[in-house]
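*Asks:* First, the structure itself, so that you have it in front of you.
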C-alpha cells in the first residue's frame with residue numbers, strides 16, 4: 001500500500017507539471033556546458049519532535065562539463081538507506097533537439113556503507129513558465145546496487161523549480177525511495193534560494209515526511225556556478 005501511494009503521488013505531480021510549456025531551464029536532465037562547474041553543499045537537521053533526538057544529513061554535490069554533452073560529477077553524502085555514500089558519475093543526454101522534453105542516462109560508481117556500489121540513473125526534464133517566471137521540472141530516478149550483498153535500493157525525486165524576476169528562486173521536491181529492509185518513504189522538501197553575487201545562492205528549506213518517515217527538518221545549503 002505504501003508503494004502504491006508513493007507512485008500515485010508521483011504520477012499526479014508529474015502529470016500536472018508536465019502539462020506546462022516553456023523553454024528548457026537547466027536541471028538534472030540537462031548537461032553541464034563544457035568547462036562549467038556546479039557545486040552545492042547542504043546540511044539537513046531532522047527529528048520526530050522539537051525535543052529531539054536529531055539526525056544530521058550532509059551532502060556535497062559537484063558537476064563538471066567534460067564536453068557539451070558529457071557531464072562528470074561527484075555525489076557524497078547519504079544513500080537511500082541513510083548510510084554514507086561517495087559516488088562518481090557520468091551523465092549523457094539522449095536528446096538535445098528543439099523538443100522541450102529532455103532525457104539523460106547516468107552511470108555512477110563508488111561506495112555505499114563502505115561497500116562497492118553501482119548506481120545507474122535516468123532523468124527527465126523540461127522547462128516551464130508561470131506568468132513572467134521561468135522554471136524547470138525534473139524527475140531523477142536511481143537504483144543503488146551493492147555488489148557485496150547484492151542489495152538494490154530505488155529512489156525517485158520529482159523537482160519543480162521557479163525563477164521569478166528578482167534574487168529569489170523557489171523549488172519543491174517530492175523525494176521517494178524504497179530501501180530493502182526499511183519502509184518505503186515519501187518526503188516533501190520545499191526550499192527558497194537567495195542569489196548573491198552573480199552565480200551563488202543560499203538555500204533555506206524544510207522537509208516533512210509523508211509516508212514511512214515521521215521526521216520534520218530544516219535544511220541550509222549553498223549553490224555555486226563557475
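*Asks:* Nearest 0.05, what FRET efficiency do residue 225 and residue 111 give at R0 = 22 Å with Cβ-Cβ as r? Walk me through the numbers before you get to the answer.
*Replies:* Numbers: r = 28 Å, r/R0 = 1.26.
That pair, residue 225 with residue 111, gives E of 0.20.
*Asks:* For the chain, set up a GNM with springs between Cα atoms under 10 Å and report which of 113, 186, 46 has the largest fluctuation.
*Replies:* 113
*Asks:* Take the alpha-carbon centre of region 171-190, take the same for region 35-86, and report the distance between them in whole Å.
*Replies:* 15 Å
*Asks:* Further question: Rounded to the nearest 500 deg cm²/dmol, what is the calculated helix-only ellipticity per residue at 222 nm for the chain, with -39500 (n - 2.57) per DSSP H run of length n ≥ 4?
*Replies:* Theoretical 222 nm ellipticity from helices: -2500 deg cm²/dmol.
*Asks:* Which residues among region 69-92 fall inside the zone where the amide N is under 20 Å from a point 7 Å beyond the Cα of residue 40, along Cα→Cβ?
*Replies:* Backbone N within reach: 70-92.
*Asks:* Another question, if that's okay. Rounded, prolate or oblate: which one fits the chain, using the alpha carbon gyration tensor with axes a ≥ b ≥ c (rounded when a/c is under 1.5, else prolate when a/b beats b/c, else oblate)?
*Replies:* rounded
A short reminder: the numbers here are calculations on the coordinates, not readings from a lab. What you see is a predicted model; the values in this text were computed from it and never measured. Here the Cβ is made from the backbone with ideal geometry for all residues, glycine too, and neighbour counts use every protein chain on show.
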